[in-house]
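Structure record follows, encoded as structure tokens.
Every number in this text was worked out from the coordinates using simple rules, so none of it is lab data. Computed from a prediction, not measured in an experiment: that's the story for all the values here. Cβ: placed from backbone, ideal geometry, glycine included. Neighbour counts: every protein chain shown.
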Amino acid sequence: MIDTAFASKVVTVLVAEQPCIGEFLASLGLGAPPARTTLGEWLAGLSDEAVADAGMDRDHILGHVQGLSKEVRAMRAADDERVESLTILGGRNKLGEAEDVSLTIRAGEIVCIVGPTGSGKSRLLGDIESLAQGDTPTGRRVLVNGRVAGDDRRFAVDRKLVAQLSQNMNFVVDLSVEEFVEMHAHCRMGVHQGDVVARVIACANDLTGEKFAKDISVTQLSGGQTRALMIADVALLSASPVVLIDEIENAGVDRKRALELLVSKDKIVLISTHDPLLALRGGRRIVIRNGGIAEVMETSEVELRTLRGLEEIDAKLMDIRDRLRGGQRVEAEIEW
Ligand SMILES: Nc1ncnc2c1ncn2[C@@H]1O[C@H](COP(=O)(O)OP(=O)(O)OP(=O)(O)O)[C@@H](O)[C@H]1O
Ligand SMILES: [Mg+2]
């Protein structure tokens, strides 16, 4: 769908404000837009052949430029105020009973959300994502740094606090992995250190069992590789201080490393999960029952020891998985 307001922006002005847009247009090989031409006029004036060569249609180009522009503004907005904490004030569960909770989560914390299927884990993540103010089915309120966030933060999509990881990243553009990360780094950090792109790619490769080269196209990445690239990208480049993860179940990603990476960046991480390895890795876990927060538990010493044992089992499983994938036999005795 054409966004007429955005299409009426003058290209050279946009590029001056946000140089990464110029870089993106250049990467499509479409040449420099003439001065005083709006984005819409410029796109309409391109030959169909040139557009086809760029590998995208006009709407896609417009949509992508708009997406980039929003990201850059979000990055700048996030600099306005550091998020030190999120506070969840209870609402009511599905039975209408009051949820007696005031839970504050600080930067650098991992908090897991556990509970049966359909209990309301994703709903809680949704409340945080929208910084609910009693306006969702749960009636919860979510505060940022102890205060109600301004409407500009709550409703403007381009000032989002939250990065949500989902598996389907829609790559609309046929760039190499390196070009893709380069573009993100440029948009988010402006002038960036030369090795940050290499670090994102190395980190993504660290997270996935199936390594990939920097010069393959992003459209050729597998689900697990895409996921790993997104996690590395969010951890090292994203401006969002809050990361919400709904069920990472993808076996192709080293979840332990992924979490360490996200947390070392002083982000607030919330993960809904059914997986004991993840559930025990948070410092605290929220137990959801009937749509309400029934309990908030700290992970105990004994549970941490259980986690170590589970990690050893998991490492052995990963090793066996890798060997089977590589066409090997697993006949050597394994001690459990
Ligand atoms: N406090 C509540 N009041 C009213 N409706 C609620 C409440 N909490 C959750 N719900 C609703 O219950 C349904 C199931 O919740 P949700 O999808 O969050 O479950 P889940 O724990 O994520 O399940 P799964 O483990 O299968 O992903 C949703 O429609 C959600 O909006
Ligand atoms: Mg869910």
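Using label points projected 7 Å from each Cα along Cα→Cβ, tell me how many nm separate residue 328 and residue 103, to one decimal.
The answer from the label model is 4.2 nm.
Provide the gained length on full extension for the span residue 220 to residue 318, in nm with one decimal, where the gain is 0.36 nm per separating residue minus the Cα-Cα distance.
Here the answer is 32.9 nm.
Considering all alpha-carbon pairs of segment 4-80, what whole percent are spaced by more than 21 angstrom?
22
Direction-averaged shadow area of the convex hull around the Cα atoms of segment 264-319, nm²?
Hull-based average projected area comes out at 5.1 nm².
Using a Debye calculation, one point per C-alpha and no hydration shell, please list log10 I(q)/I(0) for segment 16-127 at q = 0.10, 0.11, 0.14, 0.20 Å⁻¹ in order.
The Cα Debye sum returns log10 ratios of -0.59, -0.65, -0.75, -1.08.
Could you tell me how far the Cα centroid of segment 1-73 sits from the Cα centroid of segment 119-150, in Å?
Answer, in whole Å: 36.
If you take every residue apart from residue 225 with its C-beta less than 9 Å away from the C-beta of residue 225, what net charge results, scoring Lys and Arg +1 and Asp and Glu -1?
+1
If the viscosity is 0.692 mPa s and the temperature 37 °C, what Stokes-Einstein diffusion coefficient in µm²/s follows for segment 214-336 when Rh is the Kirkwood radius over Cα pairs?
196
Taking the beta-carbon count within 10 Å as an exposure proxy, list 330, 65 from fewest neighbours to most.
Fewest to most other Cβ atoms nearby, the residues stand as 330, 65.
Residues in segment 92-128 near a label at residue 296, defined as backbone nitrogen under 13 Å from the 7 Å Cα→Cβ point?
It comes to 100-107, 109-113, nothing else.
Across segment 90-95, in residue order, what do the Karplus-derived ³J(HN,Hα) couplings come to in whole Hz, using 6.51 cos²θ - 1.76 cosθ + 1.60 with θ = phi - 60° and x for Gly and Pro?
Coupling constants for segment 90-95: x, x, 8, 8, 5, 8 Hz.
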